[in-house]
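The values are calculated or read from the model by the stated rules, or taken from the named source; none is laboratory data. Here the structure is a predicted model, which means the values were calculated and not measured. Don't worry about glycine lacking a Cβ; one is built from the backbone with ideal geometry, like all the others, and counts go over all protein chains shown.
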Amino acid sequence: MSPTLLTRPELINLHPSPGDVCAAVAQGLARQPRQLPPWLLYDQEGSRLFEAICRQPEYHVTRLEKDLLQRHGSHVGHCCAGRNGAAPLTVVEFGAGGAHKVTPLLHALQPVAYVALDISATHVHRACIGLQTLHPQVSMVAVCCDYGQLPALPDHPLLAGQRLGFFPGSSLGNCSRAGAVALLHHMATLLGPGSLLLIGMDQPQDIAAMEAAYDDAAGVSARFARNLLVRLNRELGANFQPRHFAYQARWDASEQRIEMALVSQREQVVSIPPLETVVPWASGETLVTEHSHKWGAEEVQAIAQEAGWHGVGRWCDGQDRFSLHLMEHGSLSPC
Ligand SMILES: C[S@@+](CC[C@H](N)C(=O)[O-])C[C@H]1O[C@@H](n2cnc3c(N)ncnc32)[C@H](O)[C@@H]1O
């Protein structure tokens with residue numbers, strides 16, 4: 001029996017607790033170099049700023065991926081239908097944000113349901129409400145959560161049936177290689193047996209272009225990173241002085257990644273009351289806010305295979321700058 005159509009997307013809010021935020025900050029500041037998990041970048045203002053980054057001329061990722069999805073969405077749909085038959089399908093997007101990329105898939109696949117997972121509750125809920133007007137036949141649920149820590153998809157009637165995971169935005173590259181294998185394993189568990197997964201990945205390319213993508217001339221990426229400190233001041237009562245931290249985005253060739261960091265511009269001391277300590281910063285000391293690994297298409301397939309996913313379709317732009325990978329868990333035959 002198919003579940004009743006939801007006419008207004010509901011929000012299931014499983015945001016990490018203030019204690020979880022505190023623990024993540026304590027752990028991250030104990031690392032050398034200091035490094036916080038990227039999900040902390042996305043409070044409401046962080047999500048707004050990320051959308052602004054996507055509109056910057058230097059940020060090729062969004063434009064290339066949207067273009068690939070427009071051009072190949074129906075082929076992706078054909079491959080999925082070939083494997084899934086007529087079974088009702090649910091699309092589960094990991095890190096959906098403003099949900100600006102999924103429309104070609106919803107058109108091609110005609111799923112019964114769309115589930116948007118994101119750490120930023122209001123942002124993802126609003127995105128689903130907007131998307132619902134374009135796709136009135138698709139039931140939608142927004143789930144605010146850290147998808148990396150989610151033990152299972154919420155028990156919801158819409159989540160029955162076959163699932164296609166959708167993980168765009170090159171977000172897999174935020175993980176180390178071992179972290180990416182672990183996350184893809186976790187996604188397989190969340191999505192269930194026989195699931196499909198479509199991943200969008202930015203590829204290694206001209207270094208200046210990659211660095212500019214993460215450090216735009218208008219300074220939006222820098223504001224996005226500094227907003228992390230504003231968030232910690234608001235939520236933890238910390239006293240970071242964002243203007244005393246400079247933003248940098250640098251290509252690290254040995255690690256195949258852009259490293260984004262805030263660099264202390266002076267010796268300073270920051271108090272974070274719930275941690276019951278003050279944190280000293282040397283001049284030039286960094287706080288890594290995010291990594292963006294750039295793996296070529298073969299490397300992405302190798303990482304996915306270690307997690308039990310096998311490529312069934314792959315699409316690249318003409319200049320090999322961005323790739324879409326359709327995977328099936330446990331299967332070997334291409335579509
Ligand atoms: C790089 S943005 C990509 C947004 C959108 N999917 C796109 O392709 O433009 C990453 C998105 O994932 C969300 N996010 C980051 N880490 C997350 C986590 N651990 N759990 C859930 N959502 C996360 C952020 O809120 C943000 O919307």
Filter result (surrounded by fewer than 20 Cβ atoms within 10 Å (Cβ to Cβ) and either part of a strand (DSSP E or B) or in the same structural domain as D252 (by TED's automatic domain parsing) (or both)) within region 163-181: none
Odd one out for H310 among (1) in contact (Cβ under 8 Å) with a residue 60 or more places away in the chain; (2) of a type outside the set (V, I, T); (3) surrounded by fewer than 19 Cβ atoms within 10 Å (Cβ to Cβ): (1)
Residue ranges of strands (runs of 3 or more DSSP E) in region 192-296 with at least 2 members out of contact with any helix residue (DSSP H, G or I) (no Cβ under 8 Å at 6 or more places or on another chain): 245-252, 257-264, 268-272, 277-281, 286-293
Residue within region 141-149 that is crowded, with 23+ Cβ neighbours inside 10 Å and in a helix (DSSP H, G or I) present: no
When residues of region 103-120 are limited to those that are under 21 Å from H72 (Cα atoms) and within 16 Å of the ligand (Cβ to nearest atom), the one surrounded by the fewest Cβ atoms within 10 Å (Cβ to Cβ): T103
Some residue of region 223-234 being buried (at least 22 other Cβ atoms within 10 Å of the Cβ) and farther than 21 Å from W281 by Cβ: no
Residues within region 62-102 that are part of a loop (DSSP other than H, G, I, E, B), touching a residue at least 12 places away in the same chain (Cβ under 8 Å) and more than 10 Å from the ligand (Cβ to nearest atom), tallied: 2
Residue check, Q32 outside the structural domain of L232 (by TED's automatic domain parsing) and modelled with pLDDT under 95: no
Residue check, S17 of a type in the set (S, T, Y) and within 22 Å of C316 (Cα to Cα): no
Lone qualifier among T122, T133 - being of a type in the set (S, T, N, Q), in a helix (DSSP H, G or I) and within 22 Å of S171 (Cβ to Cβ): T122
Test: residue in region 302-313 that is out of contact with any Pro (no Cβ under 8 Å at 6 or more places or on another chain) and of a type in the set (V, I, T): yes
Residue in region 121-129 that is within 13 Å of the ligand (Cβ to nearest atom), surrounded by fewer than 18 Cβ atoms within 10 Å (Cβ to Cβ) and in contact (Cβ under 8 Å) with a residue 24 or more places away in the chain present: yes
Whichever residue in region 235-258 is in contact (Cβ under 8 Å) with a residue 60 or more places away in the chain and surrounded by 16 or more Cβ atoms within 10 Å (Cβ to Cβ) and, among such residues, is nearest to G46 (Cα to Cα): L236
Residue satisfying condition, being of a type in the set (D, E) and out of contact with any Lys or Arg (no Cβ under 8 Å at 6 or more places or on another chain), within set D20, D43: D20
